[in-house]
Structures are given as structure tokens and as C-alpha cells.
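Q: Let me begin by handing over the structure; questions about it come next.
The values are calculated or read from the model by the stated rules, or taken from the named source; none is laboratory data. No experiment lies behind these values; they were computed from the predicted model shown. Cβ sites come from the backbone with ideal geometry, for glycine too, and all protein chains shown count toward neighbours.
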Amino acid sequence: MNTYTAINLIKRPDGSLGPDLFEVVEKSVPTLAEGEFLVRQTHMSLDPAMIGWMSPDTESYVPPVELGTVMRSSGLGEVVASKHPDFAEGDRVMGMFGWQEMAVSNGQGVNKVDASLPAEMLLSVFALPGLTATQGLFNIGKPQAGETLVVSGAAGSVGSIVGQLAKADGLKVIGVVGSDEKADWIVNELGFDAAMNYKTDDLGAKLDTLAPNGIDVYFENTGGPIQHHVFKRMNAHGRIVVCGMIADYTASEPSPGPNWMNIIRKRLLIQGFTMPDHLHKAPQLLEKLTPYVQQGKIKYRSHTLEGLESAMTGLNLFFTGANEGKLIVKL
């Protein structure tokens, strides 16, 4: 095969996401230089953060994807040719390969992975979702047994792992979701103590019932009205981990946040974080996460789309909530 398919970003999103933002192109398979290897990608990860990467915001934690270049994403693949001493043909690898069938790498940011593990488990647990959940919960949230944790986006790839880790460590865990089916899944399958449907429940009344003694840790993945209800009910010295705000990713004006008075009154710690700042700690984070997985305390589910071009419409599932688990594209 002398060519491969790639998808370039050609327009910035303006309130909606769709194929008109992208261009499908054919590229020639490059000749490798010394120290490079070629990966044939088998699975791509779709993540909410990608919506931010498409925006023109130059003050974000990573530069925006340049127009006319391959859309950024992480993925899983196999080394098919190599001139790199540390990567051999047949190695299974994970890294930022982008929306394309093949990618050339010099090894930076690429990790070998266990060839025996299912692709869905690798991308759902041991890739960005698991790393993000572990870093945010343990290094910022600092959960203690007996405390109460609320996590928004609780049926998502990060939120579902956050809740299970906290539950395994003896916390009371309340998840915020967008459907009754997801509420049933996180309670009856994942073991959360309770769930709230932000579309149909009276959030304030439900929190008063579910967390009568207040909230100690809030893991924020979505933004939206739940943010204000939780903020009012935080306990003294509570911790708020701000991981995602998908409700505002494509808004022309961000929604107003809570008044800061409670930060003083309750001596709250509120910290935003993104994983690019912490990827150098991946070995330690995986060392922390892996025993929970080995002990059967972490369940996951994935939502797989077929074919590279399905990514162009797949991102909309984050807004509709129609994705059921980690969103993956199988090439």
C-alpha cells in the first residue's frame, strides 16, 4: 500500500460539529529516516478535549490544531516498519497519532502496550481516561474514606473511573448523568451509591437527600447547572477538581460561575488540570491504577464507531449524550 487516508481540520467549529469542518485526503506513505518508525493505527480515541483543540484559542494548555493539518487524537496501533532501535516491527503502541490510518513517529510520547489486552480496555482504562481519573482524584481530590464525592459526567470515560476508584477507597459516591439508563448503569453495574439525572431531577432537592452532610470532593467534567448546586453544598476544606467543562466548549460566552465567597467561608481548594502537564508521571499513575483493575474494581464499557470517517460525526455524541462509554473509532 503506497497511500493511506487522513482527515485534516479545515474550519473552526461555530456551535456545531460535522463533516464540513474536515477534509479527507490521501497521503503517500513516507520513507523513514533513522530513528523513526511507521505505525498502522487500528483504533482511535475520541475525547471531549478534542473540541477545545479545534478552537482558535491560543491561550489554552496546548496550541490549537492548525487548519489544513491532521486532526489531533490519541490511538493504538502496530509498528509496521522501523529504523528506531527501541521499536520493532510488530510492537503494539499507543500515542498521539491523529486522525489517519498511518503515522510516523520518533518515539516521543509513544508507549509500548501489552499485546494481550483488548484494544477497548487499553483505550478505556489505561490511556487518557484512567490517567486523568487517577491524577485528578488522588493528587488533587485527595479523597478520604467516609467522605462524600460527587462526579459529573459520571457515565463518561473519566467520570466512571473516578467514581469506582473513590468507591473502592471507602467514599460515598454520587454520580451526575444525563439519562435514566446511565443512572442505572453507574449504580447497579459500577457500584455508585446514587445517581442524579440532570435533565429530569430537581438537582438541589436531590442533593439535599443524597448528601445531607454536605460534599467533600467534587470532580467536575461538564459544567452546567450542577456546578452551582454542588458549590453551595461543599463542606469546609472541600476539594473541587476541574477536569472538563463541555457545557461551555462551544458557547460564545461562558456561563457565569458561582460567587467566590464560599471559597473563603469554606476554605475550598479549587484546581483545574489537564493531562499534558502530567504525562511524565504516567508510569507512577499506572502503578497506582493497575491494582484496582487487577482486583476487578474497575469496570468499563466502550462505544465503538466503525471506520476513520465516522470520527467526523462521532464528536457530536458528546453533546447529545448518546455515547455509551468510551468513544472509540475502529479503523
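Q: Output the number of the condition that Val24 fails; it satisfies all remaining conditions of (1) part of a strand (DSSP E or B); (2) within 21 Å of the chain's Cα centre (by Cα).
A: That leaves (2) as the condition not met.
Q: Could you list, in sequence order, all residues of the stretch 253-275 that are out of contact with any Phe, Trp or Tyr (no Cβ under 6 Å at 6 or more places or on another chain) and either of a type in the set (A, V, I, L, M, F, W, C) or in contact (Cβ under 8 Å) with a residue 60 or more places away in the chain (or both)?
A: Trp260, Met261, Ile263, Ile264, Leu268, Leu269, Ile270, Gln271, Phe273, Met275
Q: Can I ask one more? From the list Ser82, Ser74, Ser55, pick out the single residue that is out of contact with any helix residue (DSSP H, G or I) (no Cβ under 7 Å at 6 or more places or on another chain), in the same structural domain as Phe318 (by TED's automatic domain parsing) and either surrounded by fewer than 18 Cβ atoms within 10 Å (Cβ to Cβ) or modelled with pLDDT under 95 (or both).
A: Values: Ser82 fails: either surrounded by fewer than 18 Cβ atoms within 10 Å (Cβ to Cβ) or modelled with pLDDT under 95 (or both); Ser74 fails: out of contact with any helix residue (DSSP H, G or I) (no Cβ under 7 Å at 6 or more places or on another chain).
Step by step, each of Ser82, Ser74, Ser55 is checked, and only Ser55 is out of contact with any helix residue (DSSP H, G or I) (no Cβ under 7 Å at 6 or more places or on another chain), in the same structural domain as Phe318 (by TED's automatic domain parsing) and either surrounded by fewer than 18 Cβ atoms within 10 Å (Cβ to Cβ) or modelled with pLDDT under 95 (or both).
Q: Being of a type in the set (Lys, Arg) and more than 14 Å from Phe138 (Cβ to Cβ) is the filter here; which residues of the stretch 261-281 pass it? So that I can check it myself, show each step before the final result.
A: Looking only at the stretch 261-281, we keep the residues that are of a type in the set (Lys, Arg), and these are 265-267, 281.
Of everything in the stretch 261-281, those that are of a type in the set (Lys, Arg) and more than 14 Å from Phe138 (Cβ to Cβ) turn out to be Arg265, Lys266, Arg267.
Q: Kindly check whether there is at least one residue in the stretch 262-274 that is surrounded by fewer than 20 Cβ atoms within 10 Å (Cβ to Cβ), within 30 Å of Asp184 (Cβ to Cβ), polar (S, T, N, Q) and out of contact with any helix residue (DSSP H, G or I) (no Cβ under 6 Å at 6 or more places or on another chain).
A: The answer is no, given that none of the residues of the stretch 262-274 is surrounded by fewer than 20 Cβ atoms within 10 Å (Cβ to Cβ), within 30 Å of Asp184 (Cβ to Cβ), polar (S, T, N, Q) and out of contact with any helix residue (DSSP H, G or I) (no Cβ under 6 Å at 6 or more places or on another chain).
Q: When the residues of the stretch 199-253 are filtered to those that are under 23 Å from the mean Cα position of the chain (by Cα) and among the basic types (Lys, Arg), which remaining residue is farthest from Ala322 (Cα to Cα)?
A: Selected residue: Arg239.
Q: Mind listing whichever residues of the stretch 31-52 are of a type in the set (S, T, N, Q) and surrounded by fewer than 22 Cβ atoms within 10 Å (Cβ to Cβ)? Steps first, please.
A: Let us first name the residues in the stretch 31-52 that are of a type in the set (S, T, N, Q), namely 31, 41-42, 45.
Of everything in the stretch 31-52, those that are of a type in the set (S, T, N, Q) and surrounded by fewer than 22 Cβ atoms within 10 Å (Cβ to Cβ) turn out to be Thr31, Thr42.
Q: Also: Check Gly170, Gly175 and return the single one that is without any contact (Cβ under 8 Å) to a residue 40 or more places away in the chain, in a loop (DSSP other than H, G, I, E, B) and under 20 Å from Gln135 (Cα atoms). Can you show your working first?
A: Details: Gly175 fails: in a loop (DSSP other than H, G, I, E, B).
Checking each option against the conditions leaves just Gly170.
Q: When you go through Val125, Val173, Val150 one by one, which is the residue that is surrounded by 22 or more Cβ atoms within 10 Å (Cβ to Cβ), closer than 19 Å to Gly296 by Cβ and more than 14 Å from the chain's Cα centre (by Cα)? Walk me through how you get there before you give the answer.
A: Details: Val125 fails: more than 14 Å from the chain's Cα centre (by Cα); Val150 fails: closer than 19 Å to Gly296 by Cβ.
Of Val125, Val173, Val150, the one residue that is surrounded by 22 or more Cβ atoms within 10 Å (Cβ to Cβ), closer than 19 Å to Gly296 by Cβ and more than 14 Å from the chain's Cα centre (by Cα) is Val173.
Q: Give the stretch 160-180 a look and list any residue that's of a type in the set (A, V, I, L, M, F, W, C) and more than 20 Å from Asn213 (Cα to Cα), or say none.
A: So the first thing to find is which residues in the stretch 160-180 are of a type in the set (A, V, I, L, M, F, W, C), and the list is 161-162, 165-166, 168, 171, 173-174, 176-177.
Those that are of a type in the set (A, V, I, L, M, F, W, C) and more than 20 Å from Asn213 (Cα to Cα): Ile161, Val162, Leu165, Ala168, Val177.
Q: Here's something else I'd like to know. Please specify each residue of the stretch 96-116 satisfying the condition of being under 20 Å from the mean Cα position of the chain (by Cα) and not in a strand (DSSP E or B).
A: Answer for the stretch 96-116, where residues must be under 20 Å from the mean Cα position of the chain (by Cα) and not in a strand (DSSP E or B): Met96, Phe97, Gly98, Trp99, Gly109, Val110, Val113.
Q: Give Val151, Val93, Val162 a once-over and let me know the one that is modelled with pLDDT of 95 or more, within 23 Å of Leu269 (Cα to Cα), of a type outside the set (Ser, Thr, Tyr) and assigned to a strand (DSSP E or B).
A: Numbers: Val93 fails: within 23 Å of Leu269 (Cα to Cα); Val162 fails: assigned to a strand (DSSP E or B).
The match here is Val151.
Q: Among the strands (runs of 3 or more DSSP E) confined wholly to the stretch 183-288, which include 3 or more residues that are of a type in the set (Gly, Ala, Ser) and in the same structural domain as Pro13 (by TED's automatic domain parsing)? Lay out the reasoning, then the answer.
A: Numbers: elements: 194-197, 215-220, 234-242, 269-272.
Per the criteria, no element qualifies.
Q: Quick test for you: out of Ser16, Ser28, pick the one residue that is within 17 Å of Gly314 (Cα to Cα) and exposed (fewer than 14 other Cβ atoms within 10 Å of the Cβ).
A: Numbers: Ser28 fails: within 17 Å of Gly314 (Cα to Cα).
Every option except Ser16 fails the conditions.
Q: Any idea which of Gly95, Gly146 is assigned by TED's automatic domain parsing to the domain that holds His43 and small (Gly, Ala, Ser)? Before you say what the answer is, go through the steps one by one.
A: On the way: Gly146 fails: assigned by TED's automatic domain parsing to the domain that holds His43.
Within the list Gly95, Gly146, the selection yields Gly95.
Q: Return yes or no: is Gly109 modelled with pLDDT of 95 or more, in the same structural domain as Val24 (by TED's automatic domain parsing) and on the phi > 0 side of the Ramachandran plot?
A: On the way: modelled with pLDDT of 95 or more: no; in the same structural domain as Val24 (by TED's automatic domain parsing): yes; on the phi > 0 side of the Ramachandran plot: yes.
No, not satisfied.
Q: A follow-up question, please. If you go through the stretch 298-331 one residue at a time, how many are in a loop (DSSP other than H, G, I, E, B), surrounded by 15 or more Cβ atoms within 10 Å (Cβ to Cβ) and in contact with a Leu (Cβ under 8 Å, 6 or more places away or on another chain)? Explain how you work it out, then say what you get.
A: Within the stretch 298-331, the first condition is being in a loop (DSSP other than H, G, I, E, B), and the residues that meet it are 298-301, 307, 315-316, 321-325, 331.
If we keep only those that are surrounded by 15 or more Cβ atoms within 10 Å (Cβ to Cβ) too, we end up with 298-301, 315, 321, 323-325, 331.
Next, only the ones that are in contact with a Leu (Cβ under 8 Å, 6 or more places away or on another chain) stay: 298-299, 315, 323, 331.
Selection size over the stretch 298-331: 5.
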